[in-house]
Amino acid sequence: MNTPTYKRIVLKLSGEALAGEQGFGLSPEIIKSVAIQVKEVLDLGVEVTVVVGGGNIWRGKVGSEMGMDRTTADYMGMLATVMNALALQDAIEKLGAESRVMSSIDMRQVAEPYIRRKAIRHLEKKRVVIFAAGTGNPYFSTDTTAALRAAEIEADVILMGKNNVDGVYSADPMLDTTAVKYDQLTYLDVISKGLQVMDATASTLCMDNDIPLVVFSIMEEGNIKKAVCGETIGTVVGRN
């Protein structure tokens, strides 16, 4: 099946997913694999945006727990996402596709400032847009960034690529062998059951704006294309 179900997507990648098995830093193999998969769906005519986390380099929450000022720690995390975004941009462009990194924090030497209309124009020109630096505000996660950007650019879906699970489970399958995988959920299910899919702010934003979410494994090549084409994969989270 090569007919896309979605025209415009937000691909949400955690920093940990980009680290691979090493758990820290960037895995060249993972970066290249993601870039190839992004190029695949771009060639189908899909408009692609990416939101990257920074947990493979720095997590603001960890800094805060160490006694660091939370705002400072979160800004450091935002800078980590810019590093990941630039690495992904480089890999995508090596495959012959155009891409732009748009940062919520002004750093014109390395990235464009985020401007909604300009981002949409890039998409119309078939450029991959990588959103970096979160929302530009402390106390907000990159999950919330994905939900916010999806609402702003009127994306059809958020595709959440995971590195350690292939969907949403009732508990952590790495710790609980009785954990059950869900094929479909509502955002109310996610919030009421306390499932660790995305934080409550992001879930509520997606629910209020009726943005579906597909949670799947990024580690298997071709999964982004399968998700874009509507194949049964991972877990689908919707409003109803």
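Just so you know, all these numbers are worked out from the coordinates, no wet-lab data involved. Keep in mind that what you see is a predicted model, and the values were worked out from it rather than measured. When we count neighbours, we look across all protein chains shown, and the Cβ atoms used for this are built from the backbone with ideal geometry, even at glycine.
Below, the figures for the structure above:
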{"read-out": "Residue-wise HN-Hα coupling along segment 76-81, computed from phi with Karplus coefficients 6.51, -1.76, 1.60 (Hz; x: Gly, Pro)", "value": "4, x, 5, 5, 4, 5"}
{"read-out": "Charge tally in the Cβ shell below 11 Å around residue 116, where Lys, Arg are +1 and Asp, Glu are -1, residue 116 excluded", "value": "+2"}
{"read-out": "Cα→Cβ-extended label distance, 7 Å offset, between residue 121 and residue 21, nm", "value": "4.6"}
{"read-out": "With at most 15 neighbouring Cβ atoms within 10 Å, loop chymotrypsin sites (Phe, Trp or Tyr not before Pro) (DSSP) excluded, longest segment of the chain", "value": "25-138"}
{"read-out": "DSSP bridge orientation in segment 8-238 - percent antiparallel, rounded to nearest 5", "value": "15"}
{"read-out": "Of every Cα-Cα pair in segment 8-238, the percent that sits beyond 28 Å", "value": "24"}
{"read-out": "Selection of GluC sites (Glu not before Pro), segment 53-140, meeting DSSP coil and at most 15 other Cβ within 10 Å", "value": "98"}
{"read-out": "Globularity index of segment 78-179, i.e. its alpha-carbon radius of gyration over 2.2 N^0.38 Å", "value": "1.23"}
{"read-out": "Amide H contacts of residue 168 (H built 1.01 Å from N, under 5 Å, at least 5 apart or other chain)", "value": "182, 235"}
{"read-out": "Cut-off 9 Å between beta-carbons: net charge of the residues surrounding residue 167, Lys and Arg +1, Asp and Glu -1", "value": "0"}
{"read-out": "Relative packing of peptides 25-32, 204-211, 104-111 - highest average C-beta neighbours within 10 Å first", "value": "204-211, 25-32, 104-111"}
{"read-out": "Of 86, 122, 138, farthest towards positive along the dipole that unit charges on Lys, Arg, Asp, Glu beta carbons give segment 8-238", "value": "122"}
